[in-house]
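Report on the following structure.
The values are calculated or read from the model by the stated rules, or taken from the named source; none is laboratory data. Just so it is clear, the structure is predicted and the values come from calculations on it, not from any experiment. Reconstructed Cβ throughout: ideal geometry from the backbone, glycine too, with neighbour counts over all protein chains shown. For the accessible areas, the whole protein counts, side chains as well, though only heavy atoms, and no ligand, DNA or RNA atoms are used. Shrake-Rupley method; radii C 1.70, N 1.55, O 1.52, S 1.80 Å.
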Amino acid sequence: MGSEMCIRDSCIWAPVTITITSLLMVNHTIAMPLPSDLQRVEHGMMEWLGRGDAVVHILYANCSCTDSLVEHLVARGPTLVEREVVVFVGTPRPRHERLAQVGFEWHEWSQSDLTERTGVEAAPLLIVRHRNRMDYVGGYFRFPSATRPLDASIIAETTSGVPPKPFPIFGCAVSPSLRASVDPLGLQGPATDL
């Protein structure tokens, strides 16, 4: 009787544990969707930034990957592109202010600002506009769990006239609809902090 109960309990807890673990691992291991309407992204960026070359880093402020990307950006400093901007979706942490100390312009947007202006639903997202054309809209990494962002090489390739194929976004869902689809049980917390 005791071993039958143990087997029955395992049959219940094993799938529950696997399901919960899988849902918690979705961020950073499963590719989030790239923006589907690039004209909307381009229009939103042009309306906000005006004309000229620009690099925009869209980062979810309350994500662990953002901390490592900020450290990377602080270490490398701004590129020679006319304007390099960091947009935090949500409230930036105090350590994110170091970006301004090394020459980056940064802004705080709510999730609704981001979605209304650009239609972007996931972060981190790198946007490179060269010669008033959006040449790159994609992620920072070729593979999930990569530790070295490839933004500098993406920017260099794009501004030399040969933009790479966009990398997937290995990061976080920032729109409520995308968060609901990748985390239907709400285990990663509500999207109210956006």
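Tabulated values for the structure
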quantity	calculated
Some residue of segment 159-167 being surrounded by fewer than 15 Cβ atoms within 10 Å (Cβ to Cβ), among the basic types (K, R) and modelled with pLDDT of 90 or more	yes
Filter pass, S112 being more than 22 Å from P35 (Cα to Cα) and among the polar types (S, T, N, Q)	no
Residue ranges of strands (runs of 3 or more DSSP E) in segment 97-178 with at least 2 members closer than 18 Å to V41 by Cα and in contact (Cβ under 8 Å) with a residue 40 or more places away in the chain	125-130, 133-138
Subset of segment 97-126 (residues that are surrounded by fewer than 18 Cβ atoms within 10 Å (Cβ to Cβ) and either touching a Cys at 6+ places or on another chain (Cβ under 6 Å) or polar (S, T, N, Q) (or both))	Q101, S110, S112
Extreme residue, nearest to the chain's Cα centre (by Cα), among residues of segment 69-84 that are open to solvent by less than 40 Å² (accessible area, probe 1.4 Å) and aliphatic (A, V, I, L, M)	L69
Any hit, segment 51-59, residues being in contact with a Cys (Cβ under 9 Å, 6 or more places away or on another chain) and buried (at least 16 other Cβ atoms within 10 Å of the Cβ)	yes
